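The values are calculated or read from the model by the stated rules, or taken from the named source; none is laboratory data. None of these values were measured; they are calculated from a predicted model. Note: areas computed on protein heavy atoms with side chains; ligands, DNA, RNA excluded. Shrake-Rupley method; radii C 1.70, N 1.55, O 1.52, S 1.80 Å.
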Amino acid sequence: MNTATLALLIPIFAIVGGYTVAIMKIRERGNSVSNKLQAENQLLRIELDKLRERVEVLEQLVTDESFQLKREFKRV
């Protein structure tokens with residue numbers, strides 16, 4: 001390998017290596033953000049499940065006949 005070829009290959013390898021490192025950093029940041037979003041998504045799903053259970057209980061209370069009778073008595 002002569003010096004001219006070597007002088008040409010060194011900058012090419014440096015540029016390609018720089019792009020490779022930049023791409024790896026971008027992917028790492030993307031994975032970090034993705035993991036945070038997944039954790040937040042899981043917490044929101046848990047909260048949503050709890051809220052659904054509460055709504056079901058409230059629906060049962062409101063549709064309960066004794067509750068309806070109490071409301072009617074209070075109105076009169």
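Computed quantities for the displayed model
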quantity	calculated
Test result for L37, of a type in the set (A, V, I, L, M) and more than 30 Å from the chain's Cα centre (by Cα)	no
Count of the range 58-71 residues which are modelled with pLDDT of 85 or more and open to solvent by less than 80 Å² (accessible area, probe 1.4 Å)	0
